Structure formats: C-alpha cells, structure tokens
C-alpha cells in the first residue's frame with residue numbers, strides 16, 4: 001500500500017496557529033443551565049453554551065461530582081455522530097467531565113445541521129473550509145473551558161476517546177493523561193481507499209463524484225493526522241490496538257505509538273467490551289488518582305476492586 005500520510009504539510013504549524021489565534025480573539029461567552037434530567041445522586045450536570053470560531057455557538061454537557069473538590073477533570077474527545085450524550089455515569093462520579101456537542105450535532109445544529117452521511121466530506125478539498133477545522137476548534141474551546149473551572153485539579157486533566165485528543169494534547173499543555181481508544185483521523189488518507197466501511201466510504205463516494213479532487217482531499221487530511229502532532233505530546237499516553245494485519249492493528253499503529261514525545265503504553269483489544277472498558281478505565285483511574293469502576297466481576301468477588309485487578 002502506498003503511504004500518503006507520512007508527509008506533513010510544510011505550513012502545518014502556521015495552519016494550527018491560525019486556529020489558536022482565532023480562538024484567542026473570540027470570548028467563550030459561556031452560558032450554563034442546570035439539567036435535572038441528566039444529574040444523578042452523585043453529580044450535577046449542566047448544559048453549557050460556548051462560542052467557538054466562526055463565531056459558532058456549541059454546547060457541552062458538564063458534570064461535576066458532589067463534594068468539595070478539587071476534582072480530576074476529563075474531556076471525552078468526540079467521535080463521529082449526530083447525537084452526543086452526557087459523560088458516562090461512572091465518569092460523572094469521579095471526574096469533572098465534559099462531552100461536546102460540536103457544530104452540526106443535536107444541541108448545536110443552528111444554523112448548521114450536519115448530514116450523516118455527509119459531514120466527513122463537507123468542504124474536504126480545502127483545509128480552511130473543511131467542517132472539521134471548526135470541529136477541532138470546538139474541542140479546543142471546550143478543553144479551555146474545562147481547564148478554567150475553579151473546582152478542578154489543574155494537575156489532573158485527562159482526555160479519553162477519539163484521536164482528536166492527540167491534537168488537543170499537542171496544542172494545549174494542561175493534559176496529564178491521554179487515552180486514545182478510537183483512531184479516526186490517523187492515516188485516514190491511507191485507510192479510505194482500502195475500505196467500503198462508513199463513514200470512511202463517504203470519502204470514496206465524494207471522489208467518485210469528483211475524481212479530480214483526490215490530491216486536494218489527501219492534502220486536507222494531512223493537516224489533521226495525529227501522526228504529525230504526536231511528537232508534541234509529552235504526557236502519559238495509552239493507545240488501544242486492534243488485531244494484527246488490519247487497520248488499527250499493531251503494525252498499522254506503530255508509526256503513531258513511536259511518534260509520541262512521552263511515555264506510551266499499548267492495550268490490545270480483546271473484543272470483549274466490558275473487559276476492554278475496564279482495562280482502559282483502570283489505566284485512566286490510576287493516572288488520575290481515583291478508584292476504578294469495573295463493570296466485569298469474577299464470581300468470587302466480595303470487594304469493590306480486588307478481584308477485578310486479577311483480569
């Protein structure tokens with residue numbers, strides 16, 4: 001396979017500095033509304049409006065545990081989908097946690113309502129007009145808001161989820177732990193020609209209609225490839241790895257895991273959802289100094305965590 005993702009654009013740093021400068025020039029203008037529906041006996045959840053580049057109003061779910069704090073903080077790096085829910089229940093018990101309704105998704109779909117399929121290729125032939133330029137900025141804005149909250153411990157700020165988190169950790173130095181569970185933008189220019197799986201097939205659909213655009217598409221993707229940002233990430237990082245011989249497997253992920261500027265651990269997925277969830281949760285909890293919340297238990301379990309440590 002020809003590897004087209006290995007070369008970073010010459011103006012990569014200037015491209016991302018321009019995004020940072022746009023964000024710096026726009027006040028977040030936060031507006032918070034408590035949500036009794038999403039609050040629990042352990043935490044209070046609010047919907048918070050923020051202004052990102054554009055300007056564009058986005059919305060985040062912010063969950064704060066009951067108690068005095070300071071609490072560790074957790075940003076859930078967004079995935080690809082129209083509906084974003086509050087942070088998981090177990091995370092809300094331990095972290096000041098946020099999930100992001102980025103532009104185009106429900107709760108942030110005015111004036112722009114993203115199409116699924118369709119969002120992935122909206123403006124994709126120009127990196128300055130690709131919708132994901134704004135979505136990455138939305139994530140950076142949400143992270144900045146999280147870091148500014150008075151009840152968080154500034155030395156315990158983590159990111160969990162998609163590889164958008166790699167670029168946030170590279171652009172902002174407040175991250176102490178990064179768990180990458182879902183590669184999406186990593187080597188996307190190499191991946192999409194080899195698959196018919198959606199949402200990656202959206203790019204193939206686009207190029208069937210506009211075959212002359214492949215070079216421009218690949219150029220756009222190069223600005224957002226975590227491979228070109230990982231060297232700036234010096235925090236402790238966990239990268240989840242798929243099966244050998246496929247995209248996401250150890251060979252595929254090796255360039256990324258070797259590119260990070262800090263300590264990297266790898267976790268090989270078992271494809272047993274609860275087991276994998278517990279393993280990542282255990283790693284993140286250890287980094288953040290909180291109790292893990294395992295979902296799987298051995299029959300002899302009688303304590304809250306002791307037997308689960310034997311997994």
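Entry note, the chain: relative contact order of 14 percent, from Cα contacts under 8 Å with a spacing of 6+ residues.
Note on the chain: with a GNM built from Cα contacts shorter than 10 Å, the maximum mean-square fluctuation among 53, 164, 19 falls on 19. For the chain, a Gaussian network of Cα nodes joined below 10 Å ranks 95, 145, 186 by mean-square fluctuation, and the top entry is 145.
Between 148, 79, 107, the residue with the greatest mean-square fluctuation in the GNM of the chain (Cα pairs under 10 Å linked by springs) is 148.
Could you give me D for the stretch 12-288, from Stokes-Einstein at 25 °C and 0.890 mPa s, where the hydrodynamic radius is the Kirkwood radius over C-alpha pairs? Units µm² s⁻¹, please. Estimated diffusion coefficient is 128 µm²/s.
For the stretch 136-273, the spherically averaged projection of the C-alpha convex hull amounts to 9.3 nm². Full extension of the chain segment joining residue 82 with residue 15 gains 21.4 nm, where the gain is 0.36 nm per residue of separation less the Cα-Cα distance.
Here is the tail figure for the stretch 65-113: Cα pairs spaced more than 11 Å apart come to 68 percent of all pairs.
Given axes a ≥ b ≥ c from the Cα gyration tensor, I'd like to know whether the stretch 128-181 is rounded (a/c under 1.5), prolate (a/b larger than b/c) or oblate.
Details: a/c = 2.56, a/b = 1.52, b/c = 1.68.
Verdict is oblate for the stretch 128-181.
Expressed to the nearest 5 percent, the antiparallel share of DSSP beta bridges inside the chain is 45 percent.
Adding -39500 (n - 2.57) for every DSSP H run of four residues or longer, then dividing by how many residues the chain holds, sets the calculated 222 nm ellipticity at -9000 deg cm²/dmol. Rg and Dmax, both from the Cα atoms of the stretch 1-58 and both in Å, are 18.9, 53. Just so you know, the Cα atoms of the stretch 78-148 work out to an Rg and Dmax of 13.4, 42 Å.
Computed from the coordinates by the stated procedures, all read-outs in this text should not be read as laboratory data. Everything numeric in this text was worked out from a predicted model, so none of it was measured.
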